[in-house]
Amino acid sequence: MTHLEELEENGYVILEGVLDREQQQALRSVLQPHFERHLFGRNPFEGHNTQRVYGLLAKSRLFDALVAHPAVMAACEATLGPGFLLSVAHAILIHPGEAAQSLHHDDSFYPLPRPRQALGVSTIWALDDFTEDNGATRIVPGSHRWNGDRPDDAEARPVIMPAGSLLIFLGTLYHGGGENCSAGSRLGLTIQYCPAWARQQENFILGVPAGEVPRLSETIQELIGYGIHPPFMGHVDGRHPLKALQT
């Protein structure tokens, strides 16, 4: 079974060894100054013992390779169709004592009845080992095919994967952060995508400084909204948005 077939069948797929130790450490180093601000979640969903760093594309170009990773791009193309967009990219550091997050599906803010085709693809990049004790993401396998019924917590199981792994899952899959009952923290990155016609969670046009846009690859530029989806979605005064940016 291929990775794409596994994603379609189970609602998720795990790829191990995607990031080597040097890449993991570089990403951690970029994030560390932001965690030193000691800002924590504002509600139970964000997590009162959890730190989040939003707007990763405005923080470092190191995140570009993750956003446009070929395995992720293939999953998005197969699920969301051409012209798909980046929806959000942020880091999540779960500290000891954090409670389990409520089970949810990431494309729930598009109010279309289930069962249906996924309107999002989500990824979680493990920069620490994900264990049963330290807050590993919990998933409900097969729930991407369910109707509107909400799962019971007993149906969820933790995604156990070593640092450097990549979890790709459909926006219709029920999941949630796990309880951290260990003595250490758990760091992961969540990068999510949406169809070309859907509103993104993150406003990248304002979030990524205009002067930084020329440094982005063409793929990243299009993912954050500097592109045209046929026939003319995304134009600025009838022109391609990059042309408008240059003037």
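Put a plus charge on the Cβ of each Lys and Arg, a minus charge on the Cβ of each Asp and Glu, and nothing anywhere else: the dipole of the chain about its Cα centre is then about 800 debye. Can you give me the Cα centroid spacing of region 119-146 and region 98-115 in angstrom? What the calculation gives is 13 Å, centre to centre. Accessible area of W125 (1.4 Å probe, protein heavy atoms only, ligands and nucleic acids ignored): about 0 Å². Applying 1/(1 + (r/R0)^6) with r as the Cβ-Cβ distance of T2 and D237 and R0 = 41 angstrom yields a FRET efficiency of 0.40. Legend: P(r) of region 121-247 from all alpha carbon pair distances, 10 Å bins from 0, whole percents, reading 11, 31, 26, 21, 10, 1. Here the chain exposes an accessible surface that is 53 percent carbon and sulfur, computed with a 1.4 Å probe and the other protein chains kept in place. Here the gap between N49 and A183, fully extended at 0.36 nm per residue and compared with their Cα-Cα distance, gives a gain of 46.9 nm. In the context of the full set of protein chains, residues of region 152-207 present 38 Å² of accessible surface per residue (probe radius 1.4 Å, heavy atoms only). E77 contributes an accessible area of around 90 Å² to the protein surface, as traced by a 1.4 Å probe with all chains present. Remark: the N147-Q32 segment gains 37.3 nm on full extension, using 0.36 nm per residue and subtracting the alpha carbon distance. Among H34, S87, Y12, pick out the residue whose Cα is farthest towards the positive end of the charge dipole of region 1-92, where Lys and Arg carry +1 and Asp and Glu carry -1 on C-beta, about the Cα centre. Final value for the positive-end residue is H34. Dipole of region 139-208 computed with +1 at Lys/Arg Cβ and -1 at Asp/Glu Cβ about the Cα centre; of A156, G142, Q192, farthest Cα towards the positive end is Q192. Taking the square roots of five times each eigenvalue of the Cα gyration tensor of region 42-144, the equivalent ellipsoid has semi-axes of 24, 20, 14 Å, listed largest first.
The values are calculated or read from the model by the stated rules, or taken from the named source; none is laboratory data. All figures in this text were calculated on a predicted structure; none of them were measured in a lab. Counting neighbours? That spans all protein chains shown, and the Cβs are built from the backbone with ideal geometry, glycine included. These area figures cover heavy atoms from the full protein model, side chains too; ligands, DNA and RNA do not enter into them. Shrake-Rupley method; radii C 1.70, N 1.55, O 1.52, S 1.80 Å.
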